[in-house]
Amino acid sequence: MSDSDAPNLTIRDVTPADEVVVRDLVTAAFPSDVEARLVHTLRHCGALVLEQVAVDADGQVVGHIAYSRVTPAAIGRGQAIQIVCLAPVSVWPDRQKSGIGSALIRASLDRLKELGEELVLVLGPPAYYPRFGFDPVLAKKVQGPYAGDAFMALALSESCLRHLPIEVAFATPFEDFE
Ligand SMILES: CC(C)(COP(=O)(O)OP(=O)(O)OC[C@H]1O[C@@H](n2cnc3c(N)ncnc32)[C@H](O)[C@@H]1OP(=O)(O)O)[C@@H](O)C(=O)NCCC(=O)NCCS
């Protein structure tokens, strides 16, 4: 559990008691329930590496983030590095643009580093993720189902860069998005 830079916000791991509010929050943040169903499926197939929520001073869950395992597609190259995918991140619509998403992303990236994760991939707005260090140029060294400026990568360790380029596979529930 960590206190975030945003005032009166605590970032902590998800517990089973959060499941319903997380479903409602993710559904509210996106145009449909596709992302909420993705979170549910990833969680229950054991693909999630880290799932955290931001909780405000009143104890309300106001943000959610999930990271799932990404595996090297071929035996050999890249087997030595730990890779995750950030998806999705959600803040209640009426609480957006007050620093919650940034606090959640920064705290969870610190936690991933503590856990020994080395490379983080994301598919999202190119105007948002570079502020956390995500880089579309680095992601060009990661071959998989996604490409383009919205596909970005962040190295949490220097040593993982030696293992690039690599080809990767995302957790099975992402096949609906390919
Ligand atoms: C994206 C999201 C998690 C950001 O959380 P937040 O708490 O609103 O963001 P913060 O307050 O930390 O940061 C606000 C900044 O992010 C920018 N931003 C937010 N959503 C953005 C988007 N979809 N595209 C580009 N920039 C975005 C804002 O313009 C603002 O920029 P500024 O700092 O230059 O003014 C939140 O807006 C959300 O839940 N959106 C709907 C779901 C979604 O699109 N998730 C991301 C894809 S997985």
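The values are calculated or read from the model by the stated rules, or taken from the named source; none is laboratory data. This structure is a prediction, so every number in the text was calculated from the model and none was measured. Using ideal geometry, Cβ is built from the backbone for each residue, glycine included, and neighbour counts are taken over all protein chains shown. The area values use the complete protein model at the heavy-atom level, side chains included, leaving out ligands, DNA and RNA. Shrake-Rupley method; radii C 1.70, N 1.55, O 1.52, S 1.80 Å.
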Using the Karplus curve 6.51 cos²θ - 1.76 cosθ + 1.60 with θ = phi - 60°, what ³J(HN,Hα) values do you get for each residue of region 140-150, in whole Hz, with x for Gly and Pro?
5, 8, 10, 8, x, x, 10, 7, x, 5, 7
For the chain: accessible area per residue (Å², 1.4 Å)
50
Sulfur and carbon atoms: percent of accessible area, the chain [1.4 Å]
51
Packing-based ranking, highest mean first, of 63-69, 34-40, 101-107 given that Cβ atoms within 10 Å are counted:
63-69, 101-107, 34-40
Helix 100-114 axis, angle to the chain major axis (alpha carbon atoms, nearest 10°)
50
How large is ³J(HN,Hα) for each residue in region 90-97, as worked out from phi by the Karplus curve 6.51 cos²θ - 1.76 cosθ + 1.60 (θ = phi - 60°), to whole Hz, x for Gly and Pro?
9, 10, 3, x, 7, 10, 6, 6
Restricting to Cα pairs under 8 Å and 6 or more apart, the percent relative contact order of region 1-151 works out to 21
Could you give the angle, 0 to 90 degrees to the nearest 10, between helix 19-29's Cα long axis and the longest principal axis of the Cα atoms of the chain?
80
Return the equivalent ellipsoid semi-axes of region 105-178 as a descending list in whole Å, where each equals the square root of 5 times an eigenvalue of the C-alpha gyration tensor.
18, 15, 13
With -39,500 (n - 2.57) per DSSP H segment of 4 or more residues and division by the full residue count of the chain, the 222 nm estimate, nearest 500 deg cm²/dmol, is -7000 deg cm²/dmol
Bounding extents of region 2-177 in its principal axis frame from Cα atoms, largest first in Å, are 48, 31, 27
Report, ordered by chain and residue number, the lysines lying within cross-link reach of residue 113, taken as a straight Cα distance under 21 Å and ignoring same-chain residues fewer than 8 apart.
141
Work out how much length residue 137 to residue 161 would gain on full extension: take 0.36 nm times their residue separation and subtract the Cα-Cα distance, in nm to one decimal.
7.4 nm
How far, in degrees from 0 to 90, does helix 34-44 lean away from the longest principal axis of the Cα atoms of the chain, to the nearest 10?
70
